[in-house]
1. Compute, for the chain, the length of the dipole vector about the Cα centre, with Cβ point charges of +1 (Lys, Arg) and -1 (Asp, Glu) only. Units Debye, rounded to 20.
2. Using the C-alpha atoms of the chain, what convex hull volume per residue, in cubic angstrom, is computed?
3. Go through segment 131-139 residue by residue and turn each phi into a ³J(HN,Hα) via Karplus (6.51, -1.76, 1.60, θ = phi - 60°); whole Hz please, and just put x for glycine and proline.
4. Modelling each spin label as a point 7 Å along the Cα-to-Cβ direction, I'd like the ALA62/ALA76 distance in nm, to one decimal.
5. Starting from the Cα of ALA17, step 7 Å along the direction of its Cβ; do the same at THR134; then give the gap between the two resulting points in nm.
6. I need two numbers for segment 10-94: Rg to one decimal and Dmax as a whole number, Cα atoms only, in Å.
7. Nearest 10 degrees is fine. How inclined is helix 100-123 to the longest principal axis of the chain, computing both from alpha carbons?
8. Once you list every other residue whose beta carbon is under 14 Å from the beta carbon of THR134, what net charge do they have if Lys and Arg are +1 and Asp and Glu are -1?
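Read-outs throughout are calculated quantities, based only on the coordinates presented, and are distinct from any laboratory measurement. Bear in mind the structure is a predicted one, so any value in this text is a computation, not a measurement. As a convention, Cβ positions derive from the backbone with ideal geometry for all residues, glycine included, and neighbour counts pool all protein chains shown.
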Amino acid sequence: MTRSRVPSKFDGAVGVAVAFWFVIALAIGATGLLARVPIPPPAIAFVLAAALLLLLRLSPAARERVERLGPGPLVAFHLVTRLAAGIYFLVLFRRGELPGEFAIQAGWGDILVALGAGLVLWLCLPLRTQSQRTGLLLWNVLGLLDILMVLANAARLFLGNPAFAEPFATLPLALLPTFVVPIVLASHVLLFRWAGRPSAP
């Protein structure tokens, strides 16, 4: 069994940490705290992603637990969250609650990346061959470019009209800058490590 394979038992400590983070993000969204923070949602997401990566760099124990997960759970996170977010963006656009210049790009981009994640889970994992690693790498590059373009677009719209961020200050969209997007960004960085490792014999 290679280290790339998804383990048969999910690491309990990682699950508890993610669940704890999710509860905090829910509480922040429920209280409307983000509405009182004069920071664009994309900046919040970048700060939290950087903090997560710094924690993994400074803590060998945390890094080892995440390494034991393998790439599978990280790719699966993209499949679930980006599919849900993409569909919801398009729904909000149809309701007139998000501008089309954000929702259409973000919605279809997330849906396509999520579908790509499904293909990676089906065809590339566990990682056994160089072609599977190349497939993971290509999807990871495209997924990272997509989320960076979405964040850049969101920051542009926020600077032009701070009211753009209002839907992201309450649930369920508040979960994006405080929970989903930081994990998405950090996981892209981590997945480059797996894609760049030589195939096991």
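1. On the way: 16 positive and 8 negative charges, 136 e Å.
Its charge dipole is roughly 660 debye.
2. Per-residue hull volume (Cα only) is 113 Å³.
3. Values per residue, Gly and Pro as x: 5, 5, 5, 5, x, 4, 5, 4, 4 Hz.
4. Distance between label points: 2.3 nm.
5. My value for the distance between the label points is 3.4 nm.
6. Just the Cα atoms of segment 10-94 yield Rg and Dmax of 15.2, 46 Å.
7. 10
8. Details: positive: ARG128, ARG133, ARG197; negative: none.
The answer is +3.
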